[in-house]
Amino acid sequence: MSFWTCESVRSAVGGVWAARPQGAGELAGVSIDSRTIRPGEAFFAFKGERFDGHDFVGAAVDAGAGMVVLERPEAARGLSRAVGVARVADARKALFRLAKAYRRRLEGVKVVAVTGSVGKTTTVRLIEAALSRRLRVTASQKSFNNDIGVPLTLLRARASDQAVICEVGMNSPGEIATLAALLEPDVAVITRIGRAHIGHLGSREAIAREKASLLTFLRPGGLAVIPADEPLLDDYAKTIAHVATFGAGAGADIRVSDVRTEGGRVRFTLGGRSAFEVPMLGEHNAMNAAAAAAAARRFGLDEETVRAGLAGASPPANRMQVREVGGVTVYNDAYNASPESALAAVATFSESARGAGRRVIVLGDMRELGEFADQAHAEVAEAALGAGNIDALIAVGPLAGAAAERVRREWGPGRVASLPDVEGANAARAADLLRPGDAALLKGSRSMALERVEQALAGRGAPEAAPAPG
């Protein structure tokens, strides 16, 4: 039986028919979004943080859904046409069960799983760029890395694919292990052990343990790709037969050296002899590229293919993207922030920003750091002070604002400004603190949404000089 039929999906999720399908019930895949569903896809309706999918069952059917999986059958009353409707106790868990069943159908497809405290999405994009030069590949969209996003990525894969690349994230202990058990990866990549989510886990040791749980579910003969300079992973690596390390040290299997930024790209050498580049900024992206190269080599790709793939990669949105907006050169690294990624962003901005105007850091709060929050924000503030060429700081949020007091004492009040957020009118206020000719780094946690500053700049066009710190 084809996997993609109404009956096989109902059976895989353990559902009960509330309305039986008519005809063969062939399906084209799955969706959880009535706005983007394609004809023939099964629509899974479950309650999310902001929306309840049951409210959009009718819209999904109108858009061509071939089947509905839901928890409340009454949501399927009065549909515009007859479709199969399967009732389950928990539609979110049902989606996961379906992906587990589908994983068993992908025996000929190698799975690459990428986790780490920073650089996950970028590394996924880099691996995808390299493998796609020669192979048929499906990769995570955006940052689909939780118990919804990972199953959706698997379910998007085709039997004809040669690789599936999944980003694996976490918000709570045990989440990575659950996702790793689903994926059973052939290649497991850990980008770095940092302090993201340390407020939940309490220590870097605990973070390393969570990230390393990905390695536990490697398939026999699988490859672990890990940073060479991370002793917290050493004991876990000893349990794996095939390990490739990357880093700047001489002991790394893939050694990164001669890192430099030229023309909006980071150029570097791998293995002491081969020149590579990626269309991104920062030494940290050279490290991400080294991890991607290690994963790509596992698929038998030659060096020139990997080089060409990495050189043609596209950076993910809001991750150190540089563009001129409203007369300001914006370094948009606003997708998310951890202490390590913020420090890397400050260093990259300090090195890369050019022009006649000022270098301004717009720093938002970094969340989920718990008792370590004050120290982490202070480190980033000290990095701004120590860079030697940062001219002004705009702190957004209470944590960033508290850290900015140290900078204000050093620089004086004229070069430091604080805002509670960048919602509504505050986004325009932040934009008004930037002058034509300035370069501005936007860095903060996802919930801070600092990209609103860029949007406000775009809305004002090329402004005349405005009052600003400094």
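Nothing in this text is a laboratory measurement; each read-out follows from the coordinates by a stated rule. What you are looking at is a predicted structure, and each value in this text was computed from that prediction instead of being measured. Using ideal geometry, Cβ is built from the backbone for each residue, glycine included, and neighbour counts are taken over all protein chains shown.
A few points about this structure:
- Helix 283-297 and the long axis of the chain differ in direction by around 30°, with both axes built from C-alpha atoms.
- Top positive-direction residue, dipole computed over the chain with Cβ charges, set PHE276, ALA113, GLY357: ALA113
- FRET efficiency estimate (nearest 0.05) - Cβ-Cβ, ALA347 to ALA250, R0 25 angstrom: 0.65
- Segment ASP234-ALA317, extension gain: residue separation times 0.36 nm, minus the distance between their alpha carbons: 26.6 nm
- Sorted by Cβ density within 10 Å, fewest first, the residues THR138, THR178, THR123: THR178, THR138, THR123
- The stretch 106-311, Cα convex hull volume normalised per residue, Å³: 109 Å³
- Spin-label pair ASP432-SER11: with each label point 7 Å from Cα along the Cα-Cβ axis, the two points sit 6.6 nm from one another.
- Once the Cα-Cα distance is subtracted from the 0.36 nm per residue extended length, the ASN389 to GLU405 segment shows a gain of 3.9 nm.
- Exposure rule at most 15 other beta-carbon atoms within 10 Å, DSSP loop GluC sites (Glu not before Pro): the chain longest free segment: 108-422
- Of all lysines in the structure, the ones whose alpha carbon falls short of 16 Å from that of LYS238, not counting any fewer than 8 places away in one chain, are LYS211.
- Taking a point 7 Å out from the Cα of ASP374 in the direction of its Cβ, the residues of the stretch 386-424 whose backbone N falls within less than 18 Å of it are 397-409.
- Modelled label positions at SER257 and ASP33, each set 7 Å beyond Cα in the direction of Cβ, lie 4.5 nm from each other.
- Length-normalised contact order of the stretch 144-235 in % [C-alpha pairs under 8 Å, at least 6 apart]: 28 percent
- Shown for ARG297, ARG273: other C-beta atoms within 10 Å of each C-beta, ranked fewest to most, produce the order ARG273, ARG297.
- Separation of the stretch 250-303 from the stretch 422-454 is 32 Å, based on Cα centroids.
- Rounded tilt (10° steps) of 339-352 against the dominant C-alpha axis of the chain: 50 degrees
- Seen against the Cα atoms of the chain and their longest principal axis, helix 373-387 is set at about 50 degrees.
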